[in-house]
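First comes the structure, then the notes that go with it.
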Ligand code: PA5
C-alpha cells in the first residue's frame, strides 16, 4: 500500500517536512482516537469490529443455512447500503443476485417487485435507527409483497440488521421471530461496512470475508504506527493542508470499473463526517471539503478536462492496482497498423499507462494529486482500503477539531419530511412550512 506523494511534493507539499511540522498535532490525533475508542459515546466502535470473528461466523452460518436464496434485496440508505454495494461490485461473484433499494422512486421499486419471485427472495432490511422513512417505506412494501405471496412463511424471507436495543425494528423482529443481526451501538452507518451491514449481503455473493476483515485489521495496525509509517495520518495531513490552501474539492478516482461504487461510499463517508458548522467547542468553523467521484479511465474523457484546465481548487486521489487478477492481450490486426503501439500489449499495461499519464499530466498543469497503489484487488486489499479511508476521515475530524461521527445537518430535512407526510407530533412544523409556502 504505497503512497506516491511526489506529485503533491512538486506543488507545495513536502510530505516529510509537513509531517515534522505537524507531528505534535498528528500524534495527539492518533492518541486521542485510540484512547477514546473505549467510550461508546465516541462512535469509534468501527476500529474493533474487524476483530469480531464470532459475529462473522454467525453470518457465515446464516448464509449456509439459507442456500435457497437466489435474489437478495437490501433495503437501506446511506451508510446502510453503500458499503455492501461497493464490496459487491468489487468482489461479488454470485450466484445470488443482489439488489439495492436505496431510494423511494416508485417505478424502480414496482419494477423490482414485478421481476422477483418471492419464494426465491431474501429481504435484508438494514437500519440502525429503524426510523429512516425511505428504508421503512420499502420494508412495508416488501413485507406485504412477501406475505401476500407466501403467507406466514414470509418470516423466513426477511433478515433484519439493526441496533441491538434502540429503535422499533429490533422489538418487531423479536415479536415476529425474524432473523436479526446487530449493528454495534458504537458504530455509525457510514463506518459500518465491516459489521453485518456490509458482511451479511457480501456473504451471499461469496466475498472472502475473513480476508476482508484481516485487511481492515492491517489498516488498524498502520493507524497505530509512528507517523513515518502511519499512512492514514499522512493522507489526512495532505487533505488537511490542501484544504488550508483553498483546495475545497477532493476527488476520489480509482482506476477500476470493479471499484466503481467505492467513490460513492467515500463521498458519503467524507462529506457526512467532515462537513460541520461547529467545532467541538461549539465555535462556527464550517469545516470540510467536497468529495467528488471519478473513475479512471472513463472520466479521463469527461472530468479530466476540467481537472487540468479548470480552477485548481482540487486535490485528486488516484487509486490504482499493481497487478491484475486476470489480463488480456490486445491482438494485432492487419490493416490497422496505426494501432501497432497497442499490438501485443496487455489491457492492464494500457490501464496502468493511462493512470500514470493522467497523474503526471495533472501535476504538470499544477493540479495536485497523489496515487494510492494497491497490490491487487482482492478481499484483503479492499478491506485494508476501506478501513484506511475510515481512519483518514477520523484523523481529519481530529485535525479540524470537529465530531466526525454525527450528522446534525441532515436532521431538519428529515423533520420537514415528517411534517409534510403528516406524522404525529409534527403538526406545528407542518403549519410553519405551510406559512412559508411549502406543503
Ligand atoms: O452514515 C450515516 O449515519 C447515515 O448515512 C445513515 O447510514 C443513514 O442515514 C441511514 O440510517 P439508518 O441506518 O438509521 O436507517
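Measure out, as a whole number of angstrom, how far apart the alpha-carbon centroids of the range 384-406 and the range 29-105 sit.
Using only Cα atoms, the two centres lie 18 Å from each other.
Taking the range 10-141 on its own, what percent of its Cα-Cα pair distances exceed 18 Å?
Values: 6049 of 8646 pairs.
In whole percent, the long-distance tail amounts to 70.
Three principal axis extents, largest first, for the C-alpha atoms of the range 289-330, in Å?
In descending order, the Cα extents are 38, 21, 13 Å.
Report for the chain the percent antiparallel among DSSP-assigned beta bridges with both residues inside it, nearest 5.
Working: 5 of 39 bridges.
Approximately 15 percent, going by the DSSP bridge assignments.
Go ahead and estimate [θ] at 222 nm for the chain from helices alone: -39,500 (n - 2.57) per DSSP H run with n ≥ 4, summed, over the residue count, rounded to 500.
Values: 17 runs with 202 residues, N = 439.
Only helices count here, giving -14000 deg cm²/dmol.
In a GNM of the chain with a 10 Å cut-off on Cα contacts, which of 415, 71, 354 has the highest mean-square fluctuation?
Checking each option, the largest mean-square fluctuation is seen for 415.
Helix 262-274 sits at what angle to the longest principal axis of the chain, using alpha carbons and giving 0 to 90 degrees rounded to 10?
The angle comes out at about 80 degrees.
Rank these for me by crowding, 134, 337, 70, going from fewest to most other beta carbons within 10 Å. Write down the numbers at each step before the final one.
Working: 134 20, 337 10, 70 16.
Ordered from fewest to most neighbouring Cβ atoms within 10 Å, 134, 337, 70 come out as 337, 70, 134.
Given springs between every Cα pair under 10 Å in a Gaussian network model of the chain, which of 349, 301, 99 has the largest fluctuation?
Highest fluctuation of the listed residues: 301.
Under a 10 Å cutoff between Cα atoms, tell me which one of 346, 80, 256 has the largest fluctuation in the Gaussian network model of the chain.
Checking each option, the largest mean-square fluctuation is seen for 346.
Please say if the range 185-297 is rounded, prolate or oblate, where rounded means a/c under 1.5 for a ≥ b ≥ c the square roots of the C-alpha gyration tensor eigenvalues, and otherwise the choice is prolate for a/b larger than b/c and oblate otherwise? Display every interim value, and only then the final one.
Details: a/c = 1.58, a/b = 1.47, b/c = 1.08.
Prolate.
Could you please state, rounded to a whole Å, how far the C-alpha centre of the range 304-371 is from the C-alpha centre of the range 241-269?
18 Å
Find how much the distance from residue 334 to residue 165 grows on full extension, using 0.36 nm per residue of separation minus their present alpha carbon separation; answer in nm with one decimal.
Working: separation 169, 0.36 × 169 = 60.84 nm, distance 6.82 nm.
Stretched fully, the residue 334-residue 165 segment lengthens by 54.0 nm.
Given a Förster radius of 56 Å and the C-beta distance between residue 21 and residue 431 as r, what FRET efficiency does 1/(1 + (r/R0)^6) yield to the nearest 0.05?
On the way: r = 54 Å, r/R0 = 0.97.
According to the calculation, E is roughly 0.55.
Taking R0 as 45 Å, what's the FRET efficiency between residue 28 and residue 376 from their Cβ-Cβ distance, rounded to 0.05?
Numbers: r = 35 Å, r/R0 = 0.78.
E(calc), rounded to 0.05, equals 0.80.
Can you give the relative contact order of the range 154-303 as a percent, counting alpha carbon pairs under 8 Å and 6+ residues apart? All intermediate terms of the calculation are to be shown ahead of the outcome.
Numbers: 154 pairs, mean separation 23.0, N = 150.
In percent, rounded to a whole number, it is 15.
Which of the three applies to the range 255-307, rounded, prolate or oblate, going by the alpha-carbon gyration tensor with a ≥ b ≥ c and a/c under 1.5 meaning rounded? List each step's numbers first, then the result.
Numbers: a/c = 6.36, a/b = 2.30, b/c = 2.77.
Oblate shape, in that a/c is at least 1.5 and b/c is the bigger or equal ratio.
To the nearest 10 degrees, how steeply does helix 347-364 sit against the main Cα axis of the chain, on a 0 to 90 scale?
Between the helix axis and the principal axis of the chain, the angle is about 70 degrees.
Please give, to one decimal in nm, the separation of the simple spin-label points placed at residue 210 and residue 353, each 7 Å out from Cα toward the Cβ.
Placing both labels 7 Å along Cα→Cβ, they lie 4.1 nm apart.
Just order 30-42, 212-224 by mean Cβ neighbour count inside 10 Å, highest at the front, would you? Before the final figure, lay out each step's value.
On the way: 30-42: 14.2, 212-224: 20.2.
Sorting 30-42, 212-224 by mean packing, highest first, produces 212-224, 30-42.
At 7 Å along Cα-to-Cβ for each site, give me the label-to-label distance between residue 99 and residue 61 in nm.
Between residue 99 and residue 61, the label points sit 3.0 nm apart.
What ranking do 325-335, 88-98 get when scored by the average of other Cβ atoms within 10 Å per residue, highest first? Display every interim value, and only then the final one.
Numbers: 325-335: 9.6, 88-98: 17.8.
Sorting 325-335, 88-98 by mean packing, highest first, produces 88-98, 325-335.
Calculate how steeply helix 209-224 sits against the longest principal axis of the alpha-carbon atoms of the chain, using the helix alpha-carbon long axis, and give the answer as 0 to 90 degrees to the nearest 10.
60 degrees
Given an 8 Å cut-off on Cα distances and at least 6 residues of separation, report the relative contact order of the range 239-394 as a percent.
Working: 221 pairs, mean separation 41.4, N = 156.
Once divided by the residue count of the range 239-394, the mean separation gives 27 percent.
Quick note: the coordinates plus some simple rules give every number you see, no bench work behind them. Just so it is clear, the structure is predicted and the values come from calculations on it, not from any experiment. Counting neighbours? That spans all protein chains shown, and the Cβs are built from the backbone with ideal geometry, glycine included.
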